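The values are calculated or read from the model by the stated rules, or taken from the named source; none is laboratory data. Since the structure is predicted, the reported quantities are computational estimates derived from the model, not experimental observations. Cβ sites come from the backbone with ideal geometry, for glycine too, and all protein chains shown count toward neighbours. Please note that ligands, DNA and RNA were not included when accessible areas were found on the heavy atoms of the full protein model with its side chains. Shrake-Rupley method; radii C 1.70, N 1.55, O 1.52, S 1.80 Å.
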Amino acid sequence: MAARTGSAVWTGNLPEGQGEVTVGDGVFTGNYSAASRFEDGEGTNPEELIAAAHAACFSMALSNILAEAGHAPQSVRTTARVQLRFIDGAPTIDRIDLDAEGNVPGLDEAAFAEHAEAAKAGCPVSRALAGVNEITLSARLA
């Protein structure tokens with residue numbers, strides 16, 4: 001399987017410095033700072049990038065599970081909310097909330113929820129984030 005890359009540069013100290021993050025070979029480039037991470041400043045932050053990766057991975061995993069079960073989805077839309085909290089005085093990703101909505105003709109809510117739980121457990125990003133204290137899932141049909 002392919003190895004994927006991301007890179008970042010940071011200049012200055014933490015409170016006043018700034019950085020630029022790049023996904024892959026420039027597919028996305030964005031600025032980040034302490035203000036964009038710990039306050040409501042402009043730019044992105046590592047937690048948003050983790051949220052986007054988790055949402056993308058989960059949507060792909062769920063779509064694959066549904067198709068393999070004979071229920072090819074028209075779409076799966078996922079939002080991930082990554083919560084950064086101070087635990088023992090250190091910023092920590094403590095919770096991720098996944099909210100998924102699927103357009104899957106011929107499938108009922110219970111079956112969709114069951115497949116969504118399987119996707120949550122098997123998604124490579126979910127597995128990489130196994131150290132997160134709590135990952136919740138809300139799954140429903142559109």
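For region 119-142, how many residues are farther than 12 Å from F58 by Cα and among the basic types (K, R)? Of the residues in that region, 1 qualify.
Would you call L129 in contact (Cβ under 8 Å) with a residue 60 or more places away in the chain and either open to solvent by less than 80 Å² (accessible area, probe 1.4 Å) or closer than 30 Å to E39 by Cα (or both)? Considered against the rule, which asks whether it is in contact (Cβ under 8 Å) with a residue 60 or more places away in the chain and either open to solvent by less than 80 Å² (accessible area, probe 1.4 Å) or closer than 30 Å to E39 by Cα (or both), L129 comes out as yes. Within region 54-100, the residues that satisfy the criterion of being of a type in the set (D, E, K, R) and under 15 Å from A118 (Cα atoms) are E68, D99. Close Cβ contacts (under 9 Å, 6 or more residues apart or on different chains) running from residues in region 70-85 that are more than 16 Å from E48 (Cβ to Cβ) to residues that are at pLDDT below 95 and surrounded by 14 or more Cβ atoms within 10 Å (Cβ to Cβ) are absent.
If only residues of region 1-26 that are outside any strand (DSSP E or B) and closer than 23 Å to S126 by Cα are counted, the one that is least open to solvent (accessible area, probe 1.4 Å) is G24. The residues of region 35-89 that are touching an Asp or Glu at 6+ places or on another chain (Cβ under 8 Å), open to solvent by less than 60 Å² (accessible area, probe 1.4 Å) and closer than 30 Å to E16 by Cα, listed by number, are A35, S36, A80, V82, Q83, L84.
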